Amino acid sequence: MDLLTADQFQQLLWGMRTTIILFAVSWVMAFALALVLVVVRATEYRLCRWFVDGFVAYHRNVPLLVQVMFWYFGMPELLPENVRFWLYDHNAEFSFAAIALALGSSAYVAEDIRSGLRAIPNTQFEAASSLGCSYLQSMRYIVVPQALRISLPPLVSRALLLFKNTSIAMAIGVAELTYRTREIENMTFKTFTVFGIATVLYLIGTFTLMAFGSWLENRTRLDRKAAAK
Amino acid sequence: MNATVRDAAIVSFDNVSKWYGEYRALENISIDIPKGQVVVVCGPSGSGKSTLIRTVNGLEPIQEGRIILDGTDVHARKTDLNQLRQKVGFVFQHFNLFPHMSVLDNVTFAPIKIQKKPKDEARDFARKLLDRVGLAEKADTFPGFLSGGQQQRVAIARALALRPPVILFDEPTSALDPEMVGEVLLVMKSLASEGMTMVCVTHEMGFAREVGDRIVFMDQGKVILDDTPDQFFSKSDHPRVQRFLADIRREA
Amino acid sequence: MIEILQDYGLNFLVGQYPHGPLGGLAMTLIVAALGIVLSFPIAIIFALARISPYRSLRWLSKGVVNFVRGIPLLMLIFWCYFVIPIVTGYSVSGFTTLVVALVIYEAAYLSEIIRSGIEALPKGQTEASQALGGSYALTVRSVILPQALFNVLPGMTSQFISTIKETSLGYVIAVNELTFSANQVNNMLLTQPLQVFTILAATYFLVCFVLTRTLSTIETRIRRNRGMA
């Protein structure tokens, strides 16, 4: 098996770094946006509900790659020329990839949070009210803590998918791990080595996320808490 | 107006009516409940008894009349319901404990988070209450590990933690297995013997006879009969009451 | 946009066909159908292996499934792209590569869905079948699988939709499917990327949305016919 030079290995690590940053940035944006979507969806206004439902349906039914392309190739047309040139000078690939990934994930994250909230019976709310809780207090102490527990497993697998989907950003030239892997493979033809290392790097990432997820689940599990006390 | 009765009453219904759309759930209810009384509300299902008790702490709105709780008009627009609810305990049919909190945290939740009482004081009092309902050793368990009867006793302790002058019970034993009914009734009886004002929606006629000061019988949203247990059981010749008692006996 | 559809609508639907290779939406649907049909039996085998009485089988299944779920589909596609020719000694078309990668990827995800369906079945079902003298094979075939598969229909539906969307990744290894065709059109037009990618997104949306709705309607109807609604 052909070994990589230190420089080539370094390049892969830089790719991994970009992958992780892209993941973190889009996950934070996705989560924040999802919270907004959930709140907007909960309002009484039919127009708000339609908007959110449409948003979610679009992002669930169009491939992520197409969403990324739409942002990178299509959207700049709507921007004023100077903004466009500024963007192209400032890592537009990364920005558009992050936006597309965040929007795509937010639709799913919002649905996960919403179904968690819906799983909490209204009687919990009544019980809190009967003790004198205001709406916000009931949500904060009673409903949200329980809903988050229910939403945790789907949110973890959603984060996992997002991490893996950052690889799609290579299609518009973001120099993340998959992109670098292809590049080095092209230059050196050390196919197995390069792809092997990249695969291991991805596995380290996903397994770390999985471990973190089950640590969180364990920590918030009720019977475990009871035993610890 | 009879001022003396009004003053003594801690809960009073003044010509209360409630509709669900066209359907009239409560019809011109007027009842005064003086301090220290144990009132048992009974009647066939759909008679409006649960609705009645849920209007007292504002879980259900009313369309007509007034409900005065400890001097405050429950349904007046300027009333702070959350403030008011701290003065009235509520025990649900299905307990509605908070599954993500330990038993102790369920009981201290309202005193600490809503009333902002010091934690130590709240915990001490909560442990006393748990001891009283016979569950001191379950303080650190989670509700999911308790039987129905135990959960309901915790729910009673949770309601008592706010030291309310009145406590409302909405069919507290009807979701329980028969062998667990007794333990909950025992706690309720001890509360009654200490002079707690209680309004209980229940089908437990033994409890009604033994500790009830008064039985309110409802049917189709109306109060049909409002009398002492002795009168209710011995002399009532109202056909609907007769049928109700016969049904209860057949089930038991 | 209507002009683009008049001039290039056929490219979106069938690619260069009949003057060149088949592509466009037709190719996307063919790849997706093959991916779904071929991954299904493999997924069942993996799910059964995962719950089999033999520890080695369980571990093997778990290892393969977790490995596949731990790396991006794009990585898997590249693995197949470079490895299949080396292993088999033949050069393989992008079409075959994409189908193979999709089948492996979808089988891993589908097997997890099917396993959750099997594990959610009450134990009494197995016991009832065994009490009647049913063998293991008969119990699995006639009692367990029909119920488990039906119960996880919603999960499988969304996995099928995912498969359709994921065929778009064939673009990066130049498989002549819908996304690739759209990019060809975009390169011919050069000046209207927003319109082209809007058409592309709308096409995917229509196909996936209509399919989701149809499948869930069918499921509801079966449920109602069986008195399960």
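The values are calculated or read from the model by the stated rules, or taken from the named source; none is laboratory data. No experiment lies behind these values; they were computed from the predicted model shown. Ideal geometry is used to build each Cβ from the backbone, glycine not excepted, and the neighbour counts take in all protein chains shown.
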- Out of (1) in a loop (DSSP other than H, G, I, E, B); (2) more than 14 Å from chain A (Cβ to nearest Cβ); (3) among the β-branched types (Val, Ile, Thr), the one B:Ile68 does not meet is (1)
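If only one of C:Val210, C:Val143, C:Val175 is of a type in the set (Val, Ile, Thr) and either on the phi > 0 side of the Ramachandran plot or in a loop (DSSP other than H, G, I, E, B) (or both), which one is it? So that I can check it myself, show each step before the final result.
Numbers: C:Val210 fails: either on the phi > 0 side of the Ramachandran plot or in a loop (DSSP other than H, G, I, E, B) (or both); C:Val143 fails: either on the phi > 0 side of the Ramachandran plot or in a loop (DSSP other than H, G, I, E, B) (or both).
Step by step, each of C:Val210, C:Val143, C:Val175 is checked, and only C:Val175 is of a type in the set (Val, Ile, Thr) and either on the phi > 0 side of the Ramachandran plot or in a loop (DSSP other than H, G, I, E, B) (or both).
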- Message: Against the condition over 22 Å from the mean Cα position of the chain (by Cα), outside any helix (DSSP H, G or I) and either within 13 Å of chain A (Cβ to nearest Cβ) or of a type in the set (Val, Ile, Thr) (or both), how does C:Thr198 come out, does it pass?
- Response: no
- Message: Condition first: β-branched (Val, Ile, Thr) and modelled with pLDDT under 90. Now tell me which residues in the range C:172-219 satisfy that.
- Response: C:Thr191
- Please verify whether the range B:215-223 includes one or more residues that are among the small types (Gly, Ala, Ser) and out of contact with any Lys or Arg (no Cβ under 7 Å at 6 or more places or on another chain). no
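Do we have B:Val74 as more than 26 Å from A:Arg149 (Cβ to Cβ) and surrounded by 18 or more Cβ atoms within 10 Å (Cβ to Cβ) here?
Values: more than 26 Å from A:Arg149 (Cβ to Cβ): yes; surrounded by 18 or more Cβ atoms within 10 Å (Cβ to Cβ): yes.
Yes.
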- Which of (1) more than 12 Å from every other protein chain (Cβ to nearest Cβ); (2) of a type outside the set (A, V, I, L, M); (3) crowded, with 16+ Cβ neighbours inside 10 Å does C:Thr214 not meet, given it meets every other one? (3)
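Step by step: first the residues of the range B:45-60, then only those that are within 19 Å of B:Val241 (Cα to Cα) and assigned to a helix (DSSP H, G or I), then the one that is farthest from the other protein chains (Cβ to nearest Cβ). Which residue is that? Working first, answer last.
Of the range B:45-60, the ones within 19 Å of B:Val241 (Cα to Cα) are B:45-50, B:52.
Remaining after also requiring assigned to a helix (DSSP H, G or I): B:49-50, B:52.
Values: B:Lys49: 17, B:Ser50: 12, B:Leu52: 15 Å.
My answer is B:Lys49.
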- Query: Got at least one residue in the range A:133-153 being in contact (Cβ under 8 Å) with a residue 60 or more places away in the chain, farther than 22 Å from A:Gln10 by Cα and more than 10 Å from every other protein chain (Cβ to nearest Cβ)?
  - Reply: yes
- Query: Can you find a residue in the range C:130-147 that is over 21 Å from C:Ser61 (Cβ atoms), of a type outside the set (S, T, N, Q) and within 14 Å of chain A (Cβ to nearest Cβ)?
  - Reply: no
- Task: Answer yes or no as to whether C:Gln184 is assigned to a helix (DSSP H, G or I), more than 8 Å from chain A (Cβ to nearest Cβ) and free of Cβ contacts under 8 Å to residues at least 40 places away in the same chain.
- Result: no
- Item | Candidates A:Ala32, A:Ala57 - the one that is within 13 Å of the chain's Cα centre (by Cα) and closer than 30 Å to C:Thr167 by Cα | A:Ala32
- Query: Any idea which of (1) of a type in the set (Ser, Thr, Tyr); (2) within 11 Å of another protein chain (Cβ to nearest Cβ); (3) closer than 21 Å to C:Val172 by Cβ is the one A:Tyr58 doesn't satisfy?
  - Reply: (3)
- Note on the structure: Across (1) hydrophobic (A, V, I, L, M, F, W, C); (2) under 19 Å from the mean Cα position of the chain (by Cα); (3) modelled with pLDDT under 95, A:Ala169 clears everything bar (3)
- Task: Please determine, by comparing only the residues of the range A:32-56 that are closer than 13 Å to A:Ser106 by Cβ and of a type in the set (Gly, Ala, Ser), which one is surrounded by the most Cβ atoms within 10 Å (Cβ to Cβ).
- Result: A:Ala34
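Need a quick list: strands (runs of 3 or more DSSP E) entirely within the range B:134-252 having at least 1 residues that are in contact with a strand residue (DSSP E or B) (Cβ under 7 Å, 6 or more places away or on another chain) and over 24 Å from B:Ser45 (Cα atoms). Show your work before the answer.
Numbers: elements: B:166-170, B:197-201, B:214-219, B:222-227.
Correct list: B:166-170, B:197-201.
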- Message: Here are the criteria: (1) under 18 Å from the mean Cα position of the chain (by Cα); (2) more than 9 Å from every other protein chain (Cβ to nearest Cβ); (3) surrounded by 15 or more Cβ atoms within 10 Å (Cβ to Cβ); (4) farther than 27 Å from A:Tyr179 by Cβ. Tell me which single one C:Pro154 does not satisfy.
- Response: (3)
- Query: Which of (1) within 28 Å of C:Val87 (Cα to Cα); (2) in a loop (DSSP other than H, G, I, E, B) is the odd one out, the single condition C:Ser111 does not satisfy?
  - Reply: (2)
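How many residues does the range B:85-98 contain that are under 19 Å from A:Leu136 (Cα atoms) and either modelled with pLDDT under 90 or within 7 Å of chain A (Cβ to nearest Cβ) (or both)?
Taking the range B:85-98 as the starting set, the residues that turn out to be under 19 Å from A:Leu136 (Cα atoms) are B:85-86, B:96-98.
If we keep only those that are either modelled with pLDDT under 90 or within 7 Å of chain A (Cβ to nearest Cβ) (or both) too, we end up with B:85-86, B:96, B:98.
Number satisfying all stated conditions: 4.
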- Message: Going residue by residue through the range C:114-124, is there one that turns out to be within 13 Å of another protein chain (Cβ to nearest Cβ), closer than 30 Å to A:Leu162 by Cα and part of a helix (DSSP H, G or I)?
- Response: yes
- Within the range A:208-222, can one find any residue that is surrounded by 14 or more Cβ atoms within 10 Å (Cβ to Cβ), at the interface with chain C (Cβ under 9 Å from one of its Cβ atoms), at pLDDT below 95 and in a helix (DSSP H, G or I)? yes
- Can you name every residue in the range A:167-186 that is more than 8 Å from every other protein chain (Cβ to nearest Cβ) and either among the β-branched types (Val, Ile, Thr) or touching a residue at least 60 places away in the same chain (Cβ under 8 Å) (or both)? A:Ala169, A:Ile172, A:Gly173, A:Val174, A:Ala175, A:Glu176, A:Leu177, A:Tyr179, A:Arg180, A:Glu183, A:Ile184
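Being within 10 Å of chain A (Cβ to nearest Cβ) and buried (at least 22 other Cβ atoms within 10 Å of the Cβ): is that true of B:Ala139 here? First the steps, then the outcome.
Working: within 10 Å of chain A (Cβ to nearest Cβ): yes; buried (at least 22 other Cβ atoms within 10 Å of the Cβ): no.
It is false that B:Ala139 is within 10 Å of chain A (Cβ to nearest Cβ) and buried (at least 22 other Cβ atoms within 10 Å of the Cβ).
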- Expected output for the range C:189-209 (first residue under 17 Å from A:His59 (Cα atoms), partner among the polar types (S, T, N, Q), Cβ below 6 Å, 6+ apart or cross-chain) is C:Phe205/A:Asn61; C:Cys208/A:Asn61; C:Phe209/A:Asn61
- Task: Test A:Gly205 against the stated conditions and say whether it is within 13 Å of chain C (Cβ to nearest Cβ), of a type outside the set (A, V, I, L, M, F, W, C) and more than 26 Å from A:Gln67 (Cα to Cα).
- Result: no
- Close pairs (8 angstrom Cβ cut-off, 6 or more residues apart or separate chains): closer than 9 Å to B:Arg214 by Cα and modelled with pLDDT of 85 or more in the range B:224-246, charged (D, E, K, R) and assigned to a helix (DSSP H, G or I) anywhere: B:Pro229/B:Arg209
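Residues checked against (1) of a type in the set (Gly, Ala, Ser); (2) farther than 25 Å from A:Thr206 by Cα; (3) part of a helix (DSSP H, G or I):
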| site | (1), (2), (3) |
| --- | --- |
| A:Trp71 | no, yes, yes |
| A:Gly74 | yes, yes, yes |
| A:Asn82 | no, yes, yes |
| A:Ser106 | yes, no, yes |
| A:Gln137 | no, yes, yes |
| A:Tyr141 | no, yes, yes |
- Query: In the range C:1-38, which residues are more than 23 Å from C:Leu190 (Cβ to Cβ), part of a helix (DSSP H, G or I) and touching a residue at least 12 places away in the same chain (Cβ under 8 Å)?
  - Reply: C:Ala26, C:Met27, C:Thr28, C:Leu29, C:Val31, C:Ala32, C:Leu34, C:Gly35, C:Ile36, C:Leu38
